[in-house]
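K.L.:
Can you keep this structure in mind? I'll have questions shortly.
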C-alpha cells in the first residue's frame, strides 16, 4: 500500500536497509532541513512535559503561513490520521465518489467506517501525446444525478497520486457547489512553485463543506515524525477533536514544524532542484525502450512498462539495490505501471542506468 518498505527491499537485495536507494517513497531527497534538526536538538528539555493539547503555537504558525484563522487548523499524526476522521464524516453521507486510481489509504479509511463508495476512473492516454487529466474526464457533472450529489461526498487528491496530474482550481469549484462534502488531499501541493499551486485553502472560508488535508513530511523529508494538518471549518475540526486520542502530535514534531515552515531557503532550494531533476528523469525514462512516463506536476512520475513491473522491481533490487514502487495497490493499473520519486540528478542517473541494464536483459 505504501512505498518506502526498506526492510522488505533489503531482504530481497541481500543488504542492509541503508544500502537501498529508495525511489519508491516520494520524499524530498534534500532534507530533512537543518532548521528541523536544530529545533529538535534544542527541545530535549520539553520532553519532560505533555504537549499542549491545543497545539497553540503550531496552529498560530500554520495560521500565519496560510493566512487563515488558527481555529481553522488542526494538526495531526500525519495526514493519514486526519484522513481517518474525514472519512468518518464521509461515511455518514449517502455515498462517496472516489477518483481512481486512488491512494490505497483512502479505501482503508472509508472501509473502516463502512462508507459506500462510487468509483470514477481517470482516463488517460500516453500515445502519441499524454492527454491532460481533468475531473470532467472522470465524471462530468452534466452526466450525474445532481440532486443526489447534495447528499454525497467527494474524495480526491491534487496533485493526483499516482498520475501526478494537477487539477486547476476552476475545475474543482463546480463540484464544491454540488457535493455535500469535498475532501481534497493536497499532500504534494507544496512541491509546486507558489505561482503554480492550485490549492483551495483560501476557499475554505467560502465553502464550509470543504476539507483540505496537508502533509509536512514529504516536502521536508520528515516521514518518521508523522505530521500533517487539516484546514476546515472550526465546527468540523472541533468534532474531530472529540473523536481522537489526546496528544496525537508529539512535542518534537510540533516544534520542528514551526521551524520548517519558516525555512524559506530550504523551500526555494527544493523548488530549484525539482524543476531540473524532474525533467531530466522524465526525458531519461522516455528514452528507454518499453517505458512511457507521464508528465507529473509533483515530485514523482508514473511510468507504463511493457514488462512486468514486479520483475523490474526485483531485478533492480538484486542487481543495483534500487527500489521502485510497483503499482499493484492501484488495482486499475496492475503490473504494467510503476512509480518513481524524483531524486538528485546523480541518483536519477543511477536509476536510469540500472533500468537500461535490466531492460536489456530481455
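K.L.:
I need a count of the residues in region 107-125 that are at pLDDT below 95 and touching a helix residue (DSSP H, G or I) at 6+ places or on another chain (Cβ under 9 Å).
P.N.:
Here the count works out to 6.
K.L.:
Just one of (1) farther than 21 Å from residue 80 by Cβ; (2) touching a helix residue (DSSP H, G or I) at 6+ places or on another chain (Cβ under 9 Å); (3) in a helix (DSSP H, G or I) trips up residue 272, so point out which.
P.N.:
The single condition residue 272 does not satisfy is (2).
K.L.:
Please find, within region 351-362, the residue that is surrounded by the most Cβ atoms within 10 Å (Cβ to Cβ) out of those that are closer than 16 Å to residue 281 by Cβ and in contact with a helix residue (DSSP H, G or I) (Cβ under 6 Å, 6 or more places away or on another chain).
P.N.:
The residue in question is 354.
K.L.:
Further question on the same structure: Out of curiosity, is residue 317 within 26 Å of residue 168 (Cβ to Cβ), in the same structural domain as residue 24 (by TED's automatic domain parsing) and either surrounded by fewer than 16 Cβ atoms within 10 Å (Cβ to Cβ) or touching a residue at least 40 places away in the same chain (Cβ under 8 Å) (or both)?
P.N.:
no
K.L.:
Going residue by residue through region 308-323, is there one that turns out to be at pLDDT 95 or above and assigned to a loop (DSSP other than H, G, I, E, B)?
P.N.:
Looking through region 308-323, at least one residue is at pLDDT 95 or above and assigned to a loop (DSSP other than H, G, I, E, B).
K.L.:
Moving on. Only one residue in 89, 142 is in contact with a helix residue (DSSP H, G or I) (Cβ under 8 Å, 6 or more places away or on another chain) and either outside any strand (DSSP E or B) or under 21 Å from residue 225 (Cβ atoms) (or both). Which one? Step through it out loud before you land on a result.
P.N.:
Numbers: 142 fails: in contact with a helix residue (DSSP H, G or I) (Cβ under 8 Å, 6 or more places away or on another chain).
89 is the lone residue from the list that is in contact with a helix residue (DSSP H, G or I) (Cβ under 8 Å, 6 or more places away or on another chain) and either outside any strand (DSSP E or B) or under 21 Å from residue 225 (Cβ atoms) (or both).
K.L.:
Pull up region 280-295, narrow it to residues that are within 14 Å of residue 354 (Cα to Cα), touching a residue at least 12 places away in the same chain (Cβ under 8 Å) and assigned to a loop (DSSP other than H, G, I, E, B), then point me to the one that is farthest from the chain's Cα centre (by Cα). Steps first, please.
P.N.:
Taking region 280-295 as the starting set, the residues that turn out to be within 14 Å of residue 354 (Cα to Cα) are 281, 284-285, 287-289, 291.
If we keep only those that are touching a residue at least 12 places away in the same chain (Cβ under 8 Å) too, we end up with 281, 284-285, 288-289, 291.
Checking the rest, the ones that are also assigned to a loop (DSSP other than H, G, I, E, B) come to 288-289.
Working: 288: 27, 289: 29 Å.
Going through the qualifying residues, I end up with 289.
K.L.:
Could you count how many residues in region 324-357 are farther than 14 Å from residue 291 by Cβ and in a loop (DSSP other than H, G, I, E, B)?
P.N.:
Count: 9.
K.L.:
Oh, and also: Inside region 327-350, can you point out the residues that are surrounded by fewer than 22 Cβ atoms within 10 Å (Cβ to Cβ) and either touching a strand residue (DSSP E or B) at 6+ places or on another chain (Cβ under 7 Å) or at pLDDT below 95 (or both)?
P.N.:
Listed by number, the residues that qualify are 328, 329, 330, 331, 332, 333, 334, 335, 336, 347, 350.
K.L.:
What residue, among those in region 248-263 that are within 21 Å of the chain's Cα centre (by Cα) and in a helix (DSSP H, G or I), is surrounded by the most Cβ atoms within 10 Å (Cβ to Cβ)?
P.N.:
So, considering only residues that are within 21 Å of the chain's Cα centre (by Cα) and in a helix (DSSP H, G or I), the one surrounded by the most Cβ atoms within 10 Å (Cβ to Cβ) is 257.
K.L.:
Across region 231-247, what is the number of residues that are surrounded by 11 or more Cβ atoms within 10 Å (Cβ to Cβ), more than 16 Å from residue 87 (Cβ to Cβ) and in contact (Cβ under 8 Å) with a residue 60 or more places away in the chain?
P.N.:
Going through region 231-247 one residue at a time, the tally reaches 5.
The values are calculated or read from the model by the stated rules, or taken from the named source; none is laboratory data. These figures come from a predicted structure and were not determined experimentally. Positions of Cβ are generated from backbone atoms using ideal geometry, with glycine treated the same way; all protein chains shown enter the neighbour counts.
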